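Scroll down for the structure; my scribbles are underneath it.
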Amino acid sequence: MRLLLSSLFQESPFVNLQRHADKIRECAQLFREAAICHVDERCGDFDGLTDRVARIESEADAIKRNIRNHLPRGILMAVDKFQFLQYLREQDKVLDEVEEALLWLSLRPKGIPGTLAEDFQHLVTSVIPAIEKLPELVSMATRFFKSRSNRQRKKMKSLIQDIRQDEKEADFLERELKLRIFSEIKDPLVVFHMVRLIEIVGNIADHAQNASDRMRAMIAK
């Protein structure tokens, strides 16, 4: 029989997992602001917003290392340790992809081609809901692993389904934007840059969904 972490340790790993998820939510709107700023050539705060994201990512990395270094040994966890670490890995990759997207944006100082700017902003906006649901999912999990309530499990499954739907919507916008790129842009270098950029933005929602799938595995009966 598994023992609850709260009964064996002063602080559950889910406490720091919540802090890590909160850092991701903090980055979500900063990422959107930075992307929109880059599209609007009159905005001069792109570098400042990118630096703020980098600082938050560094703080999240420190939390991630703390979680990994202080996991209990053996079979004392209330959840499967491998599944827990998989969840942490996918949640952390959300931030990695946000930083990577901002890097790729910075490689094109002239901004996004005007005909694609609005659709690109829609794609960026579409990945934000999935990111922002992760802290709520971790909060629900913390309560669930204390109570093992079927009602709480159903709520979590509903939220996981919402994240999956968010990812599908982002995936649809990604495909539509790629079609526009290949039909409207003639410069092969711009085509390569834009396709890679929107794939990275799409990966943000992909990793949010992957994290939610790992959580679903952890709460499975």
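Quick notes on this one:
- Near pairs, Cβ below 7 angstrom, 6+ apart or cross-chain, from segment 104-115 (within 19 Å of residue 178 (Cβ to Cβ)) to any residue that is among the aromatic types (Phe, Trp, Tyr) and not in a loop (DSSP other than H, G, I, E, B): 112/120
- Answer residue from segment 178-220, given it is more than 21 Å from the chain's Cα centre (by Cα) and in contact (Cβ under 8 Å) with a residue 40 or more places away in the chain and is surrounded by the fewest Cβ atoms within 10 Å (Cβ to Cβ) among those: 184
- First in segment 30-51 and part of a helix (DSSP H, G or I), second anywhere and of a type in the set (Lys, Arg), Cβ under 6 Å, 6 or more apart: 30/52
Throughout, read-outs are computed from the coordinates displayed, never taken from laboratory work. Here the structure is a predicted model, which is why all the values come from computation and not from measurement. Using ideal geometry, Cβ is built from the backbone for each residue, glycine included, and neighbour counts are taken over all protein chains shown.
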